[in-house]
Amino acid sequence: MLTMLEFEHVSKVYGNGTCALDDVSLKIEEGEFVFIVGPSGAGKSTLIKLLMKEEDPTEGKIIVAGQDLSSLRHRDVPYLRRKMGVVFQDFRLINELNVFDNVAFAMNVTNSSKRSIERRVPYVLSLMNLADKARAFPSELSGGEQQRVALARALVNNPMLIVADEPTGNIDPHMSWEIMGLLNEINMRKTTVLVVTHEKNLVNAMKKRVIYLEKGRVRSDRMEGQYSER
Amino acid sequence: MRGSRFFYFISQGFKYFKTNKYISLAAIGVLAACLFIVGNFWMIYLNVDINLHRLEEENQTVLFLDDSVEEEAFPEIEKQIVAIENVDTCVFVSKEEAFADYREAYAEEYEIYSELTESGINPLRNSFAVTMKDITLYQETVYQLSKIEGVARIRKQNQTTLDGIMTVAKTIYFVCYWIMGLLLVASLYIIMNTIKIARFTNQRQINIMKFVGATDWFIRWPFIVEGCIIGLLAALLAYLFVWYTYVNVMVKLGGTIAVLELQPFEQVSRQMLLMMCSCGLLVGVVGSAFSIRRYFDV
Ligand SMILES: Nc1ncnc2c1ncn2[C@@H]1O[C@H](COP(=O)(O)OP(=O)(O)OP(=O)(O)O)[C@@H](O)[C@H]1O
Ligand SMILES: [Mg+2]
């Protein structure tokens with residue numbers, strides 16, 4: 001099995017002196033489903049920013065799909081980001097575009113042809129149970145639906161890795177189950193999934209690998225883990 | 001760049017322009033006002049320049065040769081004259097030709113000339129008629145010419161008027177350059193800050209583009225297109241105003257100044273349009289591109 005991502009003794013100290021990550025080492029294999037949990041301010045979002053090279057680590061090494069991020073030049077960063085699909089708590093859809101165009105947008109950016117866009121987008125929308133919402137605008141959708149659009153956009157370029165930072169943070173509980181179910185389905189298709197979440201019940205129910213972060217350190221890392229473990 | 005890319009950038013540029021309608025219009029207004037002032041100074045500059053060139057063409061400096069210089073030496077002297085950088089044309093006029101010219105020019109004093117002809121005396125000298133490329137370097141060039149061996153005397157052209165015109169022209173050039181330069185820098189600054197306001201509305205979209213893996217240039221191109229639209233519209237507007245002002249104000253006022261012969265607008269219209277468009281494009285594109293600079297460090 002290929003290693004999808006690896007953190008080796010990674011520390012991140014922000015400009016203002018906040019130490020968000022402190023000597024973090026972890027390894028995630030291809031095809032895994034991993035929860036990252038921990039109290040607010042534990043450094044979970046920072047970990048994702050480092051992964052996307054939105055920030056650089058103060059110390060240590062990060063390897064994504066065999067590539068050392070420190071050796072990546074600025075102009076190569078977009079190609080790293082195309083290997084992963086990201087989803088955020090606040091959806092980050094473009095309000096002026098309808099559902100179809102929001103998803104097609106990610107394909108436009110990566111230089112896909114019109115034909116492949118017209119083939120691929122409806123397919124991904126149907127995977128996310130959004131086939132009948134293609135012409136709707138984000139403001140006309142529920143939180144759960146908007147997050148599914150964001151998921152479709154993350155999936156549309158066939159990424160190796162899906163990264164979700166609190167994907168259910170803004171939607172009501174039973175919709176959260178649906179989103180997690182979809183993420184699980186995505187994972188069944190061999191895509192590695194990394195989910196940051198505060199949803200205790202979901203984490204406990206799903207019996208996946210759980211990495212518990214606290215004050216920038218890995219407190220525990222267990223297969224079929226439970227939420228708050230110390 | 002694929003063809004479809006190109007059209008995507010263009011249409012995206014128009015979209016940005018429309019989303020930020022009011023700010024775009026404000027930017028056009030400011031830029032057009034600046035370009036209008038720049039255009040008027042450019043107009044003055046052009047007119048002075050054209051008049052000066054005319055003066056240059058008309059201006060002839062005559063080098064009289066010493067009578068002792070043998071005919072064989074003429075080509076050598078000509079070579080030396082032409083070697084001077086600022087010399088534009090150089091025509092040899094033999095004393096016989098000069099004599100014939102005089103006789104024609106002063107036909108009423110016919111007797112004097114026929115007397116001279118009969119006695120075989122030609123009081124005139126062999127000479128070279130020289131014109132210069134850049135009349136602002138007149139003094140220096142005359143000095144260089146006077147150093148050539150065999151040149152006995154130099155007849156300069158009404159030097160005092162020339163000096164006067166030169167000083168005025170140089171001052172006008174200087175003022176025009178500075179004002180135009182400062183205005184362009186100022187408008188660039190204003191445009192950059194105006195467009196920056198619009199960027200807050202684009203920020204979300206830029207951010208989304210970045211995390212789905214857009215390259216910097218993919219993000220930048222539409223903004224450059226938007227800058228082109230702003231720059232070109234402002235240039236066109238300024239051009240029309242300059243035209244109107246020139247025909248209705250400047251030409252009427254300028255008619256009273258005798259020295260400066262104002263050109264009809266058609267004569268300078270193409271140069272003016274070109275100037276306005278290039279300045280507009282420059283400011284628009286640079287302003288627009290710079291306004292998104294800070295979004296590129298993540
Ligand atoms: N850009 C930044 N500059 C300075 N400090 C930052 C920055 N971003 C995050 N931090 C700090 O780093 C620490 C970790 O932040 P991070 O966002 O990674 O936490 P988190 O685990 O995602 O928390 P939450 O569950 O509330 O989202 C916090 O103390 C935060 O204040
Ligand atoms: Mg967070």
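The values are calculated or read from the model by the stated rules, or taken from the named source; none is laboratory data. Remember, predicted model here, so these are calculated numbers, not experimental data. Glycine gets a Cβ as well: all are built from the backbone with ideal geometry, and neighbour counts include every protein chain shown. Ligands, DNA and RNA are excluded from the accessible area calculation, which covers all protein heavy atoms including side chains. Shrake-Rupley method; radii C 1.70, N 1.55, O 1.52, S 1.80 Å.
For segment B:155-286, the alpha-carbon radius of gyration amounts to 1.54 times the rule-of-thumb value 2.2 N^0.38 Å expected for a compact globular protein. Computed from backbone phi with θ = phi - 60° and the Karplus coefficients 6.51, -1.76 and 1.60, the 3J(HN,Hα) list for segment B:277-288 is 5, 5, 5, x, 4, 4, 5, x, 5, 5, x, 5 Hz; x is used for glycine and proline. Evaluating 6.51 cos²θ - 1.76 cosθ + 1.60 at θ = phi - 60° for every residue in segment B:122-139, the Karplus couplings come out as 10, x, 7, 10, 5, 8, 10, 9, 10, 10, 10, 6, 10, 6, 5, 9, 3, 4 Hz, glycine and proline recorded as x.
Working note: Cα gyration tensor of chain B, eigenvalues times five, square-rooted, sorted largest first, giving semi-axes of 61, 22, 15 Å. On the beta carbon distance between B:Asp67 and B:Gln271, with R0 = 51 Å, the FRET formula returns roughly 0.55. Calculate, for A:Lys83 and B:Val185, the FRET efficiency according to 1/(1 + (r/R0)^6) with r their C-beta to C-beta distance and R0 41 Å; round to the nearest 0.05. After rounding, the FRET efficiency stands at 0.40.
Rg then Dmax, both in Å and based on the Cα atoms of segment B:106-185: 21.2, 72.
The gain in end-to-end length when the B:Tyr22 to B:Val175 segment is fully stretched comes to 51.7 nm, 0.36 nm per residue minus the alpha carbon separation. May I ask for the angle, rounded to the nearest 10°, between helix A:173-188 and the longest principal axis of chain A, with both axes built from Cα atoms and the value confined to 0 to 90°? Between the helix axis and the principal axis of chain A, the angle is about 80 degrees.
Label-to-label distance for A:Asp90 and B:Phe296 is 2.5 nm, based on points extended 7 Å past Cα in the beta-carbon direction.
Averaged per residue, what accessible surface does segment B:60-156 expose to a 1.4 Å probe, in Å²? Intermediate values should be presented prior to the final figure.
Working: 6150 Å² over 97 residues.
Using a 1.4 Å probe on heavy atoms only, each residue of segment B:60-156 averages 63 Å².
If Lys and Arg each add +1 and Asp and Glu each add -1, what is the summed charge of the other residues whose beta carbon sits under 12 Å from the beta carbon of B:Lys21? That works out to +1.
Binning all Cα-Cα separations of chain A at 10 Å, short to long from zero, yields these whole-percent fractions: 8, 32, 36, 20, 3, 0. Comparing the chain by itself with all protein chains present, which residues of segment A:53-82 are at least 30 Å² less accessible (probe 1.4 Å)? The answer is A:Glu54, A:His74, A:Pro78, A:Arg81. Summed over both chains, the accessible area lost when A and B associate is about 1900 Å², using a 1.4 Å probe.
Taking all Cα-Cα distances within the protein assembly as shown, those exceeding 45 Å account for 46%.
Using Cα-Cα distances under 8 Å and only pairs 6 or more residues apart, what relative contact order does segment B:60-156 have, in percent?
Result for segment B:60-156 is 54 percent.
In chain B, the longest principal axis of the Cα atoms and the axis of helix B:159-211 are about 20 degrees apart. Building the convex hull from the alpha-carbon atoms of segment B:60-156 and averaging its projection over directions returns 6.6 nm².
Do you know which residues of segment B:213-231 lose at least 20 square angstrom of accessible area in the protein assembly compared with their chain on its own, with a 1.4 angstrom probe? Going by heavy-atom accessible area, the residues of segment B:213-231 that drop by at least 20 Å² are B:Gly213, B:Ala214, B:Thr215, B:Asp216, B:Phe218. Relative to the current alpha-carbon distance between A:Arg219 and A:His174, full extension at 0.36 nm per residue lengthens the span by 13.3 nm. Per atom type, segment A:55-179 shows carbon and sulfur on 47% of its accessible surface, probed at 1.4 Å. The label-point distance for B:Leu137 and B:Phe7, in a model that sets each label 7 Å from Cα toward Cβ, rounds to 5.4 nm. A Förster radius of 41 Å, combined with the Cβ-Cβ distance separating B:Ser114 from B:Lys147, puts the computed FRET efficiency at roughly 0.60.
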